[in-house]
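See below for the structure under consideration.
The values are calculated or read from the model by the stated rules, or taken from the named source; none is laboratory data. What you see is a predicted model, and the numbers here were worked out from it, not measured in a lab. Virtual Cβ from ideal backbone geometry, glycine too; neighbours counted across all protein chains shown. With ligands, DNA and RNA removed, areas are computed over all heavy atoms of the protein, side chains included. Shrake-Rupley method; radii C 1.70, N 1.55, O 1.52, S 1.80 Å.
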Amino acid sequence: MNKRRESSPAPLPEERVLILDFGSQVTQLIARRLRESGVYCEIWPFDADPARIRAFDPRAFILSGGPASVTEDVSPRAPEAVFASGRPVLGICYGEQAMCAQLGGAVERHDHQEFGRAFVDVTDDCALFSGAWAKGAREQVWMSHGDRVTRLPTGFRSVAVSEGAPFAAIADDARCLYGVQFHPEVVHTPHGAQLLRNFTHGVAGCTGGWTMANFRQTGIARIRAQVGEGRVICGLSGGVDSAVAALLVHEAVGEALTCIFVDHGLLRQGEAEQVVATFRDRFNLRLVHRDAADLFVAALEGVTDPEQKRKTIGRLFINVFEEEAAKLGGADYLAQGTLYPDVIESVSHSGGPSVTIKSHHNVGGLPERMRMKLVEPLRELFKDEVRELGRELGLPEPIVGRHPFPGPGLAIRIPGAIDREKLEVLRRADAILLEEIRAAGLYDAIWQAFAVLLPVRSVGVKGDGRSYEQACALRAVTSTDGMTADVYPFDTAFLTRVAGRIVNEVRGINRVTYDVTSKPPGTIEWE
């Protein structure tokens, strides 16, 4: 029997870097690059308590980009404790401008703005460029700025320039202070990861010994410290996010965790059976299986707006959780698999305005009436990192590598009203697509693939008779972090084979199309 372990404070790795967030949409990518190089880091808001910063005692600081302007009367600034610490500091974009403004330099608005791909000319060597950029080279970067530094603080020198930024990269080697006007954390800056590694390993002296095994142990300790002797419920959906969250919480609190699997009738083919077999039988988790398909399908009858579908499903989920928690005698915490892409699309680290894109995650908190606190152990991870953690926890590969699946399930893959018949038609078409992708050995090369039942009917011929049935769209995209996506280039033979199977094997569909739309930063789901 898995007994409850004692709570203990979460240990911190000896080598740690603190990222202060000024509100950039890609701040978490900085952390991602650092973790990829084996450096533990945390992201805190720019106005974090100086006493807390000193207690954290990082080896180095990174100041992120952000949407504000240093030239405004009131704009974010880094805590003075950062520069008083004597530790290395790297300012990125707005972070460079804030650092210069606070240390005696000057920043001005300028007509020549730079957004997107740009090039910098390397004018001098510095520790930041070691092994990556050589003096005299021209390098591609990703810019996003309307202001620019016009005068450097004492002790700094320019080491790179661009057409719109005379101080595209700056260095004060004596104090280990560096700044770049571009974003080294994004893939559009080809040598950006090396520049960040030069800062953490070369300048700050980190050895890069942090691993996902370390995250596992730290995560367990954090959960214990947060939960104490409380009881936790976790909503299992069948996807990798909630599965990994459940296993990590289970390692931390044992039988104090009860998982609730709500079968809302909107899942892919065979998923309900797989969830029960995996978590109840293999991992011996306390699992409540609630078949609520009738409840959800009835509530969605006549609902056509996708956002209203999401809200309806979310409301019902909360109601079911409350009911099941009451049957269990109540719970103190609700664990869920919120990832950083969910957070970055729904809330701003800097406290500034943000647009809520994903409304099916409780990233902003739970209704007061639930009287439970959220446990979100994966909140700072990307999907591929969650999969790595899942493997570390022993989660079976069919679940670890499963394509992302939205909380509202098939409901948002049927534009317009839904009913049981449409769900079954779509479920079968979706299963055929995934079967063929696996058979072709393409499943792991694709981030997400699914079928959509379009709200149109067309006349076709099946056998010797006319048919008047629905059209189906197929979608497959590649991505690394769930923030952007590109269409997967299936060959014609593959699409012909899949379309033929769907038309022949799924009653109710007589036409199949392939969606070739790519997505900029934001949700990659079909809406």
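Of note:
- Test: residue in segment 347-368 that is open to solvent by 50 Å² or more (accessible area, probe 1.4 Å) and at pLDDT 90 or above: no
- The single condition among (1) among the small types (Gly, Ala, Ser); (2) surrounded by 19 or more Cβ atoms within 10 Å (Cβ to Cβ); (3) in contact with a helix residue (DSSP H, G or I) (Cβ under 9 Å, 6 or more places away or on another chain) that residue 106 does not satisfy is (2).
- For segment 470-493, the candidate set comprises residues that are at pLDDT 90 or above and surrounded by fewer than 15 Cβ atoms within 10 Å (Cβ to Cβ); within that set, the residue that is nearest to residue 240 (Cα to Cα) is 489.
- Residue that is nearest to residue 316 (Cα to Cα) [pool: residues in segment 220-252 that are buried (at least 22 other Cβ atoms within 10 Å of the Cβ), modelled with pLDDT of 90 or more and small (Gly, Ala, Ser)]: 242
- Subset of segment 495-525 (residues that are at negative phi, touching a helix residue (DSSP H, G or I) at 6+ places or on another chain (Cβ under 7 Å) and either open to solvent by 50 Å² or more (accessible area, probe 1.4 Å) or modelled with pLDDT of 75 or more (or both)): 497, 498, 501, 502, 505, 506, 509, 510, 512, 514
- Annotation note: Cβ proximity below 6 Å between a residue of segment 267-287 that is open to solvent by 60 Å² or more (accessible area, probe 1.4 Å) and a residue that is among the β-branched types (Val, Ile, Thr) (sequence gap 6+ or interchain) occurs for 286/258.
- Yes/no for residue 57 being more than 16 Å from residue 89 (Cβ to Cβ) and surrounded by fewer than 24 Cβ atoms within 10 Å (Cβ to Cβ): no
Here is a yes/no grid of residues against (1) modelled with pLDDT of 95 or more; (2) aliphatic (A, V, I, L, M); (3) in contact with a helix residue (DSSP H, G or I) (Cβ under 9 Å, 6 or more places away or on another chain); (4) farther than 17 Å from residue 64 by Cβ:
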{"position": "111", "(1), (2), (3), (4)": "no, no, no, yes"}
{"position": "116", "(1), (2), (3), (4)": "no, no, no, yes"}
{"position": "130", "(1), (2), (3), (4)": "no, no, yes, yes"}
{"position": "147", "(1), (2), (3), (4)": "no, no, yes, no"}
{"position": "157", "(1), (2), (3), (4)": "yes, no, no, yes"}
{"position": "166", "(1), (2), (3), (4)": "no, no, no, yes"}
{"position": "188", "(1), (2), (3), (4)": "no, no, no, no"}
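- Looking only at segment 147-169, and only at residues there that are out of contact with any Ser or Thr (no Cβ under 7 Å at 6 or more places or on another chain), open to solvent by 20 Å² or more (accessible area, probe 1.4 Å) and in a strand (DSSP E or B), the one that is nearest to residue 196 (Cα to Cα): 157
- Among residues that are closer than 21 Å to residue 24 by Cα, touching a residue at least 12 places away in the same chain (Cβ under 8 Å) and open to solvent by 50 Å² or more (accessible area, probe 1.4 Å), residue 79 is not included.
- Test: residue in segment 2-21 that is hydroxyl-bearing (Ser, Thr, Tyr), open to solvent by less than 20 Å² (accessible area, probe 1.4 Å) and either at pLDDT below 95 or under 19 Å from residue 377 (Cα atoms) (or both): no
- Checked against the criterion of being open to solvent by 10 Å² or more (accessible area, probe 1.4 Å), in contact (Cβ under 8 Å) with a residue 12 or more places away in the chain and more than 19 Å from residue 176 (Cα to Cα), the candidates 87, 117 yield just one match: 117.
- Complete set of residues in segment 386-420 that are open to solvent by 20 Å² or more (accessible area, probe 1.4 Å) and outside any loop (DSSP other than H, G, I, E, B): 387, 388, 391, 392, 397, 398, 420
- Residue 72 meets each of the listed conditions (1) out of contact with any Phe, Trp or Tyr (no Cβ under 7 Å at 6 or more places or on another chain); (2) at negative phi; (3) at pLDDT 90 or above apart from (3).
- Apart from one condition, residue 172 fits all of (1) surrounded by 21 or more Cβ atoms within 10 Å (Cβ to Cβ); (2) of a type in the set (Asp, Glu); (3) over 21 Å from residue 42 (Cβ atoms); the exception is (1).
- Each residue in segment 206-219 was checked for being open to solvent by less than 20 Å² (accessible area, probe 1.4 Å) and in a loop (DSSP other than H, G, I, E, B), and 1 pass.
- Qualifying residue in segment 432-441 (condition: buried (at least 18 other Cβ atoms within 10 Å of the Cβ) and of a type in the set (D, E, K, R)): yes
- Unmet criterion (only one of (1) open to solvent by 60 Å² or more (accessible area, probe 1.4 Å); (2) under 29 Å from residue 387 (Cβ atoms); (3) of a type in the set (Asp, Glu)) for residue 301: (2)
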